[in-house]
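Below: the structure, in structure tokens.
Every read-out reported here was derived from the displayed coordinates using simple, explicitly stated rules and does not represent laboratory data. This one's a predicted model, so the numbers in the text were calculated from it and none came from an experiment. No Cβ is skipped: glycine too gets one built from the backbone with ideal geometry, and neighbour counts run over all protein chains shown.
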Amino acid sequence: MLSIGEFSQLTHLSVRTLRRYHDSGLLEPARVDPSSGYRYYAVDQIATAQVIGRLRELEVPVADVRRILHSPDPAQRAELVADHLVRLESQLDRTRAAVASLQRLLRPPTSELEVELRHTPALVVAAVEDDVERDDVLDWYAGAMAELDAVVPPGSGSPGGLYDGALFEDGRGHLLVYRPTPDPPHVGRVHPVTLPAVELALTTHVGEHHDIDVTYGELGTWVVDNALAVDGPVRETYLVGPRDTPDPTGWRTEIGWPVFRVGPG
């Protein structure tokens, strides 16, 4: 038997941590003295304690650690760990994206934002639309674009989307994604829509979408300073995206902010 202090030295886990593992049922001591309450551990518990330590360092939830330890199937244990690693990688990607956005915000702009005022004529499109929760936008968008890709022939023009202001203000709003086509089908959720003509202040976001909000902010600032914004959904046009190149540095998203018609000059 090893005292809790000796076991702590051998596993590099603090006494406090070992007590917490005991209280949560992750690692029961081999023996607890009934009179003194001292905890004693067996040598063959060292590896188990170190596995628990590694899993907790990776922020595996206690319930999942317990399932991993109690599962007699190595494949199931590996699957539980792999699922958590996927979640960690996703979280790491979000952290890196947030850091990149913050760095961009903190750097002074190297050049003035390029904005074009353009009259966009009415456009016939095949569309999918619905009221969507903001947290569900990416999943909804992926499903809607897959439906459009399945029924609209390639080469018909750049896809795009219209994003209602309520989506950002209230966390839920109307979202419409489309592909231009002269003869839009009516299949499943896909249906014909004629987008109205509109005057837009346009700029192009370069790269991935994790910091597209920064470009939105810059364009909005330009509109406040130089034009008269009007109510209406913001338009995005996906000039170059993942369907065109796997290299994110080549992606180009045109953002259009509705403005009051501006005359020549």
- Task: Would you be so kind as to identify which of A126, S111, A150 lies farthest towards the positive end of the dipole of region 108-168, taking Lys and Arg as +1 and Asp and Glu as -1 on Cβ and the Cα centre as origin?
- Result: S111
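Could you give the size of the charge dipole of the chain about its Cα centre, using +1 on the Cβ of each K and R and -1 on the Cβ of each D and E, expressed in debye and rounded to the nearest 20?
Working: 24 positive and 40 negative charges, 212 e Å.
Computed charge dipole of the chain: roughly 1020 debye.
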- Item | Rounded Å value of the spacing that divides the Cα centres of region 17-68 and region 129-170 | 48 Å
- Would you look at the GNM of the chain, springs on alpha carbons closer than 10 Å, and say which of H12, H186, H174 moves the most? H12
- Message: Counting other beta carbons within 10 Å of each residue's own, what order do L27, L239 fall into, fewest first?
- Response: L239, L27
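Enter the per residue convex hull volume of region 2-70, computed from alpha-carbon coordinates, in Å³ rounded to the nearest integer.
Numbers: hull volume 5.5 nm³, N = 69.
Looking at region 2-70, the number lands at 80 Å³ per residue.
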- When only C-alpha pairs under 8 Å and at least 6 residues apart count, what is the relative contact order of region 2-70, in percent? 31 percent
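Quote the FRET efficiency, to the nearest 0.05, computed for L239 versus A75 with a Förster distance R0 of 41 Å and r equal to the Cβ-Cβ distance.
Numbers: r = 45 Å, r/R0 = 1.10.
The calculated FRET efficiency here is 0.35.
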- Query: For labels at H209 and D149 in the simple 7 Å Cα→Cβ model, what's the distance in nm?
  - Reply: 1.3 nm
- region 67-132, Cα convex hull volume normalised per residue, Å³: 227 Å³
- Message: Counting only other residues whose beta carbon sits under 13 Å from that of A30, what net charge do I get with K and R as +1, D and E as -1?
- Response: -2
